[in-house]
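The values are calculated or read from the model by the stated rules, or taken from the named source; none is laboratory data. Since we're looking at a predicted model, the values are computed, not measured. All Cβ positions, glycine included, derive from the backbone under ideal geometry; neighbour counts span all protein chains shown. Side chains included, ligands, DNA and RNA excluded: accessible areas come from the protein's heavy atoms. Shrake-Rupley method; radii C 1.70, N 1.55, O 1.52, S 1.80 Å.
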4 protein chains.
Amino acid sequence: MKKVENKLKEKLNNKEFIAKSQCVIRLLMARLEIINMELSVNLKRDVIQSKTGRLKSYKSTCKKLNKKGLERSFSAAAENIHDLIGVRGVCSYVDDIYLVQKMLEEQQDINILKIKDYIKHPKESGYQSLHMILEVPLVFQGETQWIKAELQLRTAAMDYWANLDHQLRYKKEDSQGREAAIDQELKKCAEIVEYLDQTMLEIRKKIEKI
Amino acid sequence: MKKVENKLKEKLNNKEFIAKSQCVIRLLMARLEIINMELSVNLKRDVIQSKTGRLKSYKSTCKKLNKKGLERSFSAAAENIHDLIGVRGVCSYVDDIYLVQKMLEEQQDINILKIKDYIKHPKESGYQSLHMILEVPLVFQGETQWIKAELQLRTAAMDYWANLDHQLRYKKEDSQGREAAIDQELKKCAEIVEYLDQTMLEIRKKIEKI
Amino acid sequence: MKKVENKLKEKLNNKEFIAKSQCVIRLLMARLEIINMELSVNLKRDVIQSKTGRLKSYKSTCKKLNKKGLERSFSAAAENIHDLIGVRGVCSYVDDIYLVQKMLEEQQDINILKIKDYIKHPKESGYQSLHMILEVPLVFQGETQWIKAELQLRTAAMDYWANLDHQLRYKKEDSQGREAAIDQELKKCAEIVEYLDQTMLEIRKKIEKI
Amino acid sequence: MKKVENKLKEKLNNKEFIAKSQCVIRLLMARLEIINMELSVNLKRDVIQSKTGRLKSYKSTCKKLNKKGLERSFSAAAENIHDLIGVRGVCSYVDDIYLVQKMLEEQQDINILKIKDYIKHPKESGYQSLHMILEVPLVFQGETQWIKAELQLRTAAMDYWANLDHQLRYKKEDSQGREAAIDQELKKCAEIVEYLDQTMLEIRKKIEKI
C-alpha cells in the first residue's frame, strides 16, 4: 500500500508529467485568450476577465482519492480525478459563460467529454460554476497524446463565493461541528450571488438595447 | 481657446510626461504588491486580488474639465483633475480596503492629500470605492518631484458594479432619457453588492474564529 | 492611387484584422513555449530564451511595398509581405534554432511555406537569422482560416547585432553617404558574432561530453 | 553543528524572510524599470533589456559558506554572503551599465555598500559583470529595515558567456580534471565577448554622430 502511494507521489512529481501538464495549461489558456479576442471584436468588452491554471497537488489528490474510496495509485488518480490539470476562467456575466462553452464546442481539436452545469444546478453547498472535462491533443516527443483537463467557468461573483467557501473547508479540518451554521450562511450568500448575477445581466441587456 | 486646447493635448502626449506618469504607476503598483506580500504573511491569503494602472486619455480629460466648467488647459487639468494618473486595487473583502489604507498612511514617502470614502458614503448613483489622492516622490533627471495620483480601492463586487455602470454611462451619450429606469435598477444592484460584501465579510470573520 | 493607400491603412487598422493577427501571434507564442518545455525535459535548460510578436505598422508596410516597387494596396501587401504578422524567438545556441525548426516541421497543424536560412547564408549586410514563413489555422467566427506569419529564430548574439543594425537603418534616412564605412564595420561585427556563436556552441558540446 | 545547519535551512525558508526578500526584489526591479523609462526619454531606446530576481537556495548558500570556510549558520550567511537576494539587469551596451550605476548612486533611498567592477577587471575565469552591493529600506510591519542585496549588471554578450560558464561549473562536480582545457577555451571566449561589446559600442557611437 505504502509503495503504491510513493509511486503516486513520484509520478505526480515526474518532470515529464509536469512539463506535459504545463503544456496543456498553456494550450488551454491560449485558447481562452483567442476566444476572448474573437468575442471582443463584436461585443466591445472582455468576456473573460482573468484566467488561472494549476496542477493538483499530491496532498489534494490523496484527499480526493480518499473521499472517493479509491486507492492512492497513479492509475486510480488518472482515471477518476478529472482535474489533475485544471484551468479556470472568470467571466463578466452569466451568459458569457455559455458563449465561451459554445465556442469551445466548435473547436475541432478539443474533445468535450463531460459538462457539469453547477450554475443551472448548484451543488448542495450553494457552489456555482460550469465544469467542462476536456481532452486536448498534445504533440510531445513526436507523438500526439490526448490529455484530459478540467475547465471551470464562473462569474466574478461566483468566484468570490468559491474562495470564501474554500477558506472554510480548509479550516474545517481543524474544527468540529461548529461550522454547520456557517454552511447555512454560505448557502444564503450563494443565493445573493445568484440574484446579483441575474440582476446585473438583466441590466446589461437593457443597456445594450438603448 | 483652440490654441490652449491643442497645448493640453500636446502636453498630455508629451513623451517625458508619459514616462514620468508611467513611473508613478509602476511605483504605486510595486507598493501595493509589497503591502500585499506583507499582509499575506499573517493573513495567509491575498488581500489585493488584482491591480491596474492607466493615464487619463485626452478625450476623457476634456470631458471632465467640461463637467467642472473649466477651460481646456494643462494647468487647469493638473490642478483640478486628481486622477490624470490612476491606479486601482481590487481587494477581496471590505475590511481589507481599510487595512491597505492604513498601511499606505504609515509609508513615510507617500503623502496622502485627501480621502474620499464612497464606501461609507456611496455616490448618488450607488457607486462605491475608496479614493485616495496621493503624492509620491519621483527622482527623475536628477530632481525629486512630488507627483499626484489617485488610488482607487474596491472589492471585486464593487468593481463588477462599476464596470457595468461605466458601460451604461458610455451608452448614455448616444441616447436620451430612456435610461432613468436603468439608473434606478443599477442603484438597487449597488445595494445588493453592499449586502453581499457585508455578508461575505461576516462569514469570513466567523470562519476565522473557528 | 491615394484612395487605394487609404484603404491599406484602414484595413491594417481594422479591428477584426488586428484581433485575428493578435490571435495568430498568441498561437505561435504558445507553440514556442510548448516546444521549449518539451525540449527542456531532456536538455535541462531553456532553448528559447525570450520571444516577442508584433504587427507590421502601416508606415513600415508602405516602406517595404515601395522597396519592392509595388502599389500601396492591401492585396499587394497581403500577397507579397510575409511578415505583416511576425514572431521572433531568441535561442541560446545556434543548434537550438534548428532543433526548434525541426519541431515546428513535425507539427501537423502548421504549414511551412518557405524557409530562408540567413545563418548558413548571411545577407550582404551580415544579417543572420532563420526565417520561416508559416501558415497556421485560426478558427474565427466559426470558420477555419489559414493565416500567414513569419517566424524569425536567432541567437542572442545575432539579436544584439540586428538591433544595432536596425538603429543604423533608422538613422540612415536622415543622413547621406557617410554610413558606408559603418556598414563595413557592422559587417565585420557580424563576423565576430558568428565566431562567438560557433565557439560557444563548441564549448557547450565539450561540456556536455564531460 | 547539525543543529546550526538546520536552523540555517529553517531561516532561509521562513515565510517572513521570503516575503521580505521578495519585496526587496520587487523594489529593485521597479527601480530598474523607472531608470530605464527615464533614460529612454532621451536615448529613444531601452537601456535595460531584461531583468530577473532570485533568492539564493539553501544548497547554493551552503556551497558558498563552505568555499569561504564559514560555518553553516544564518548569521554567517547574512553577514558574509551578499547575494542572498540577487537582482540581475541585462543592458544593451557596456556604457549603459555605467549609466545605470550612476543613476542608482543618485537615488537617495539606496545605500551603495560596495562596487565590484568585473568589467574593468574580469575574474581569472574571464567572468565580466558589474556587481553592486546595495541596501534598500523596507517598511515591513511598521518598522523600516535596511536590507542588503546584490545587483548584477552585464551586457547580453556577457550574460551569454556567464550562462555557459555556469553550466560548466554545474557539470564540474561530477567530473575530474578534464575540464581544464575547457576553462581555457571559455576564457578565450570571454575575450571575444569583450571584443564584440567594444566593437558594438564604437559602432553605436558612430551611428549616433551621423
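Using every alpha carbon pair in the protein assembly as shown, what percent of pairs falls into each 20 Å bin from 0 up to the bin containing the largest distance?
Calculated P(r), rounded to whole percents: 12, 42, 40, 7, 0.
Evaluate the Kirkwood expression for the hydrodynamic radius of chain A, namely the inverse of the mean inverse distance over all pairs of different C-alpha atoms, and round to one decimal in Å.
The answer is 18.9 Å.
Just checking the output field for B:28-41: average partner chain Cβ neighbours within 10 Å of each residue's Cβ?
5
To one decimal in nm, how far is residue A:105 from the same spot in the other copies, if labels go 7 Å from Cα toward Cβ? Please give the shortest first.
Copy-to-copy label distances at residue A:105, shortest first: 4.2, 5.3, 6.8 nm.
Between beta-carbons, use under 11 Å as the cut-off and find the net charge around residue A:114, counting Lys and Arg +1, Asp and Glu -1.
That works out to -1.
Taking beta carbons within 10 Å but only from partner chains, what does the mean come to for residues D:42-51?
Mean partner shielding for this stretch: 2.
Any chance you could check the Cα centroid distance between segment A:35-91 and segment B:134-210 for me, in angstrom?
Computed from Cα coordinates, the inter-centre distance equals 30 Å.
For the rotation that superimposes chain B on chain D, which residue of B has the C-beta lying nearest to the axis, and at what distance in Å?
B:30, 2
From other protein chains only, count the Cβ atoms within 10 Å of every residue's Cβ in B:9-22, then give the mean.
Counting Cβ atoms of other protein chains within 10 Å of each residue's Cβ and averaging gives 2.
Arrange the peptides A:134-140, D:81-87, B:119-125 so that the one whose residues have, on average, the most other Cβ atoms within 10 Å appears first.
D:81-87, A:134-140, B:119-125
Using unit Cβ charges (K, R positive; D, E negative) and no other charged atoms, how large, in debye to the nearest 20, is the dipole of segment B:94-172 about its Cα centre?
520 debye
For each pair in A:51/A:123; B:64/D:44; C:11/D:44; A:20/A:51; B:64/B:114; B:15/C:20, compute the distance between the two Cα atoms and list the pairs where it is over 27 Å.
Going by Cα-Cα distance, B:64/D:44; C:11/D:44; B:15/C:20 fall outside the 27 Å limit.
Quick check: net charge around residue C:41, other residues with Cβ under 9 Å of its Cβ, Lys/Arg +1 and Asp/Glu -1?
+1
With a 1.4 Å probe, what is the total accessible area buried between chains B and D, in Å² rounded to the nearest 100?
Buried area between the two chains comes out at roughly 2000 Å².
Tell me, what is the per residue accessible area of segment D:51-91 in Å², probe radius 1.4 Å?
50 Å²
So, counting K/R as plus one and D/E as minus one, what does the shell of residues with Cβ under 15 Å around residue A:138 add up to?
Every neighbour counted, the sum reads -3.
Classify segment A:84-199 as rounded, prolate or oblate, taking a ≥ b ≥ c as the square roots of the eigenvalues of its Cα gyration tensor: rounded when a/c is under 1.5, otherwise prolate if a/b is larger than b/c and oblate if not.
Oblate.
I need to check one value: relative contact order of chain D, counting alpha carbon pairs closer than 8 Å and at least 6 residues apart, in percent.
18 percent
Name the residue from C:34, C:73, C:93 whose Cα lies farthest towards the positive end of the charge dipole of segment C:1-122, charges +1 on Cβ of Lys and Arg and -1 on Cβ of Asp and Glu.
Highest projection toward the positive end goes to C:73.
What's the magnitude of the charge dipole for segment D:1-88 around its Cα centre, counting Lys and Arg as +1 and Asp and Glu as -1 at the beta-carbon? Answer in Debye, nearest 20.
420 debye
With a 1.4 Å probe and every protein chain kept in, tell me what percent of the accessible surface of the protein assembly as shown is carbon plus sulfur.
The computed percentage sits at 49.
Rolling a 1.4 angstrom probe over the protein heavy atoms, how many square angstrom per residue are accessible across segment D:95-210?
48 Å²
Once the label point is placed 7 Å from Cα along Cβ, list for residue B:187 the distances to the corresponding points in the other copies, in nm, shortest first.
Its label point is 3.5, 7.7, 8.2 nm from the equivalent points in the other copies.
Please state the shape class of segment C:133-209: rounded when a/c is under 1.5, otherwise prolate if a/b exceeds b/c and oblate if not, all from the C-alpha gyration tensor.
Judged from the Cα gyration tensor, segment C:133-209 comes out oblate (a/c at least 1.5, b/c at or above a/b).
At residue C:144 and residue D:9, where each label point lies 7 Å from the Cα along Cα→Cβ, what is the point-to-point distance in nanometres?
5.3 nm
So what J values fall out for segment B:119-131 if you push phi through Karplus, 6.51 cos²θ - 1.76 cosθ + 1.60 with θ = phi - 60°, rounded to Hz, Gly and Pro as x?
8, 5, 10, x, 5, 3, 5, x, 4, 10, 4, 9, 9
Between copies, how close do the residue A:64 label points come, placed 7 Å along Cα→Cβ, listed in nm from shortest?
Label-point separations across copies, in nm and ascending: 4.0, 4.6, 4.6.
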